[in-house]
Amino acid sequence: MRVGAHVPSGRPLEEASLRDADVMQIFLSNPHQWRSPLQRTDAEALGTAGIPIYVHAPYLINVVSGNPRLRNRSRRLLAETVNAAESVGAVGVVVHGGHATGAATVDEGLVRWEKTLKPIESPVPILIEDAAGGENAMVRSVEDLARLWDAIGDLGVGVCLDTCHAWAAGEDFQNLAPRVMSATGRIDLVHANDSKDGFGSRRDRHTNLGDGQIPPELLIHVIRDAGAAVVVETPGGAEAQAADIEWIRTRL
Ligand SMILES: [Zn+2]
């Protein structure tokens with residue numbers, strides 16, 4: 001099982017090696033801005049390095065927004081991010097399920113997801129990530145995932161399961177991975193993060209593995225059951241993330 005980290009995007013291969021990561025996740029543009037990704041000068045080196053790369057799309061993206069302007073901007077930036085991901089040989093683009101804001105309903109959100117995905121043609125799959133909370137979240141519970149997959153599951157999308165978010169959402173960890181599998185047929189990536197907050201808190205504050213409120217045996221249980229690549233998105237830089245990666249490897 002490959003275990004790695006979300007690393008700074010300046011020199012990702014060096015960052016991965018500092019952490020002894022055998023998979024990595026990066027941003028291809030500022031995650032808090034609408035700016036389009038630029039062509040990377042190290043694209044070829046990244047694509048041939050032999051270490052799977054996941055790209056995390058910017059946080060601002062909400063393809064189910066009730067605001068048409070934000071929705072269209074989101075779709076454009078997601079499509080651009082998928083193209084840029086292809087140019088670095090990435091194996092997936094992680095994006096949040098989003099929130100049906102304004103007067104929008106979750107049912108409209110399903111249609112909006114479909115409209116987002118249909119025009120995007122890329123060998124790099126989009127991986128939809130679960131959310132910790134928020135009003136009208138498209139994907140908080142496994143039931144939400146099942147409903148979304150009924151609408152878009154045949155469009156080549158994948159699943160990114162974040163343990164901190166699932167904990168904050170109040171999902172039962174004992175059977176979490178099998179339930180996700182039966183809802184979607186796949187788990188492509190696990191974001192292995194501990195949670196500073198309690199079960200069902202709906203708060204999204206990642207912390208280092210073993211330092212938060214998720215019982216270690218449950219965290220490992222979900223990671224093992226998922227059987228997918230694992231990326232930590234934890235604080236503390238290279239040293240702390242290397243320890244998190246080691247924490248997982250020794251327990252698996
Ligand atoms: Zn995550």
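The values are calculated or read from the model by the stated rules, or taken from the named source; none is laboratory data. Computed from a predicted model, the values in this text were never measured in an experiment. With ideal geometry, Cβ positions are generated from the backbone for all residues, glycine too; neighbour counts draw on all protein chains shown.
Checking D211, D204 one by one, the residue that is touching a residue at least 24 places away in the same chain (Cβ under 8 Å) and either part of a helix (DSSP H, G or I) or not polar (S, T, N, Q) (or both) is D204 and no other. The residues on offer are T81, T116, and the sole one that is under 24 Å from L46 (Cα atoms), part of a helix (DSSP H, G or I) and hydroxyl-bearing (S, T, Y) is T81. Considering only residues in the stretch 101-113 that are aliphatic (A, V, I, L, M) and at pLDDT 95 or above, the one that is nearest to the ligand (Cβ to nearest atom) turns out to be L110.
Within the stretch 164-201, restricting attention to residues that are assigned to a loop (DSSP other than H, G, I, E, B) and hydrophobic (A, V, I, L, M, F, W, C), which residue is farthest from the ligand (Cβ to nearest atom)?
Taking the candidates together, the pick is F199.
Within the set N72, N62, the sole residue that is buried (at least 17 other Cβ atoms within 10 Å of the Cβ) and either within 26 Å of G134 (Cα to Cα) or touching a residue at least 12 places away in the same chain (Cβ under 8 Å) (or both) turns out to be N62. Residue selection: I51 fails the criterion of being within 16 Å of the chain's Cα centre (by Cα) and among the hydrophobic types (A, V, I, L, M, F, W, C).
Considering the conditions (1) surrounded by fewer than 22 Cβ atoms within 10 Å (Cβ to Cβ); (2) more than 27 Å from N136 (Cβ to Cβ); (3) within 15 Å of the ligand (Cβ to nearest atom), G236 is excluded by exactly one of them, (3). Just so you know, in the stretch 149-161 the residues that are closer than 21 Å to V230 by Cα and free of Cβ contacts under 8 Å to residues at least 60 places away in the same chain include one that is farthest from the ligand (Cβ to nearest atom), and it is G156. Within the bounds of the stretch 153-160, is there any residue that is modelled with pLDDT under 95, in contact with a strand residue (DSSP E or B) (Cβ under 6 Å, 6 or more places away or on another chain) and over 18 Å from H221 (Cα atoms)? No, the stretch 153-160 has no match at all. The residue list A84, A79, A146, A103 contains one member that is touching a Leu at 6+ places or on another chain (Cβ under 8 Å), surrounded by fewer than 23 Cβ atoms within 10 Å (Cβ to Cβ) and free of Cβ contacts under 8 Å to residues at least 60 places away in the same chain, which is A84.
V93 passes every criterion in (1) in a strand (DSSP E or B); (2) at pLDDT below 95 apart from (2). The residue pairs whose first member lies in the stretch 221-233 and is over 18 Å from K196 (Cα atoms) and in a loop (DSSP other than H, G, I, E, B), whose second member is within 11 Å of the ligand (Cβ to nearest atom) and among the hydrophobic types (A, V, I, L, M, F, W, C), and whose beta carbons are closer than 7 Å, counting only pairs six or more residues apart or on different chains, are A228/L189; A228/V190.
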